[in-house]
Amino acid sequence: MKDRVFYHAEERVHGLPPHLLADAWFRCSSVDGEPSLVLLDFAGGTEVGVAGKYDRACRWIAAEQPNNENESLYIVILAPFADETLTKPMITEGENTRVQVVYSEEARRLLGGLDQVSRWLKD
């Protein structure tokens, strides 16, 4: 994988199974210059789904970071339709600074045009 190149999962294409962890990822250097791998998950589901994604991401980081001593692993979950106050009580894993969830309007802004069309996506 090359630095500063944006990769994405080819889900259900060419007979591939659905992805389990991330929709997209990129390798970069952190602020302090250390190599980092950042995984992005675009969570379109409910608070229950987002809590499950957070827990799964925490477990993955805990399992994989020791095997990647020369690279810091991070996961960012963009949850444009989840409410933070409803999601947090459903999370079973402890807090992990390498896993971040961006909720509701802030996530929609980061996803660009999604905030503009989101009013039509709500019931």
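Worth a mention:
Conditions (1) β-branched (Val, Ile, Thr); (2) surrounded by 13 or more Cβ atoms within 10 Å (Cβ to Cβ); (3) modelled with pLDDT of 90 or more; (4) under 18 Å from Met1 (Cβ atoms), marked per residue:
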residue	(1), (2), (3), (4)
Gly44	no, yes, no, no
Gly49	no, yes, yes, no
Trp60	no, yes, yes, yes
Leu73	no, yes, yes, yes
Val99	yes, yes, yes, no
Ala107	no, yes, yes, no
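- In the stretch 59-74, the count of residues that are among the acidic types (Asp, Glu) and closer than 25 Å to Ala107 by Cα is zero.
- Note on the stretch 51-106: residues that are assigned to a strand (DSSP E or B) and of a type outside the set (Phe, Trp, Tyr) total 11.
- Unmet requirement for Pro89, which otherwise passes all of (1) over 15 Å from the mean Cα position of the chain (by Cα); (2) at pLDDT 90 or above; (3) surrounded by 16 or more Cβ atoms within 10 Å (Cβ to Cβ): (3)
- Scope the stretch 33-72; condition farther than 18 Å from Glu95 by Cα and in contact with a Gly (Cβ under 8 Å, 6 or more places away or on another chain); matching residues: Ala43
- Members of the stretch 19-48 found to be of a type in the set (Gly, Ala, Ser) and more than 19 Å from Ala9 (Cα to Cα), listed by number: Ser29, Ser30, Gly33
- Verdict on Asp32 being on the phi < 0 side of the Ramachandran plot, modelled with pLDDT under 85, part of a helix (DSSP H, G or I) and not polar (S, T, N, Q): no
The values are calculated or read from the model by the stated rules, or taken from the named source; none is laboratory data. The model shown is predicted, which means the values in this text are computed figures rather than measured ones. As a convention, Cβ positions derive from the backbone with ideal geometry for all residues, glycine included, and neighbour counts pool all protein chains shown.
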